[in-house]
Amino acid sequence: MDNKVDTSAEHAENAVLSCRRHEVRTDGAPTGEEPEQVIDRPLATKSPAAWAYERLVLYIQSFEETLDSEQEVAMGFAGGDAGVLKIEGMGFFDPDIVTFYGTDTEGRKTQLIQHVTQLSVMLRALPKQPEQAAPRRIGFQLRADLERSQG
């Protein structure tokens, strides 16, 4: 059992530091323009799953902004032969599970369920389906849902 007690100043400082975001890129892409969080709620009120989900939404949305009209976002997973999943949905199950829904490169229905401590995601650009008039932008749908349901 952890008996450590933070002073109010330490508690406030830890809350600010835990939301910090910093990036440096060599490709000339702008950094630091994206918000640090989707929902303006104290970090202490977010479970590890909700907090991981929220930050993934920001990264996916930012990645999608760099894609052309013939590409959609997909994710690859580190470790094992999980392969690549074209993102069609994402969710979390408090306190510590994040799940991804979609299709693999063969078009098979796929779902990955992952503990937040094992989360390792690589975003990829894949061609959109030829029969689709416009690419799907899941990041913007995920963010709108978060703002609607949590705001």
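The values are calculated or read from the model by the stated rules, or taken from the named source; none is laboratory data. Please read all numbers here as calculations on a predicted model, not as lab measurements. Virtual Cβ from ideal backbone geometry, glycine too; neighbours counted across all protein chains shown. Remember, those area values only see protein heavy atoms, side chains included, never the ligands or the DNA or RNA. Shrake-Rupley method; radii C 1.70, N 1.55, O 1.52, S 1.80 Å.
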> Among (1) under 18 Å from Q150 (Cα atoms); (2) open to solvent by 40 Å² or more (accessible area, probe 1.4 Å), which single condition is P127 missing?
Replying inline: (1)
>> When the residues of segment 94-117 are narrowed to those that are farther than 18 Å from G83 by Cβ and of a type in the set (V, I, T), which ends up least open to solvent (accessible area, probe 1.4 Å)?
In response: V116
> Would you say Q132 is over 14 Å from F63 (Cα atoms) and exposed (fewer than 13 other Cβ atoms within 10 Å of the Cβ)?
Replying inline: yes
> Since C19 meets every condition but one in (1) modelled with pLDDT of 65 or more; (2) open to solvent by less than 30 Å² (accessible area, probe 1.4 Å), which condition does it not meet?
Replying inline: (1)
> What residue, among those in segment 24-48 that are among the polar types (S, T, N, Q) and open to solvent by less than 70 Å² (accessible area, probe 1.4 Å), is modelled with the lowest pLDDT?
Replying inline: T31
>> Would you confirm whether or not segment 49-59 contains a residue that is modelled with pLDDT under 85 and assigned to a loop (DSSP other than H, G, I, E, B)?
In response: no
> Which strands (runs of 3 or more DSSP E) does segment 63-151 wholly contain that include 3 or more residues that are touching a residue at least 40 places away in the same chain (Cβ under 8 Å) and not basic (K, R)?
Replying inline: 71-77, 84-93, 121-127
> Quick one: how many residues across segment 123-151 are among the hydrophobic types (A, V, I, L, M, F, W, C) and more than 17 Å from the chain's Cα centre (by Cα)?
Replying inline: 3
>> Quick test of your reading of the structure: S120 fulfils all but one of (1) surrounded by 14 or more Cβ atoms within 10 Å (Cβ to Cβ); (2) within 13 Å of the chain's Cα centre (by Cα). Name the failing condition by number.
In response: (1)
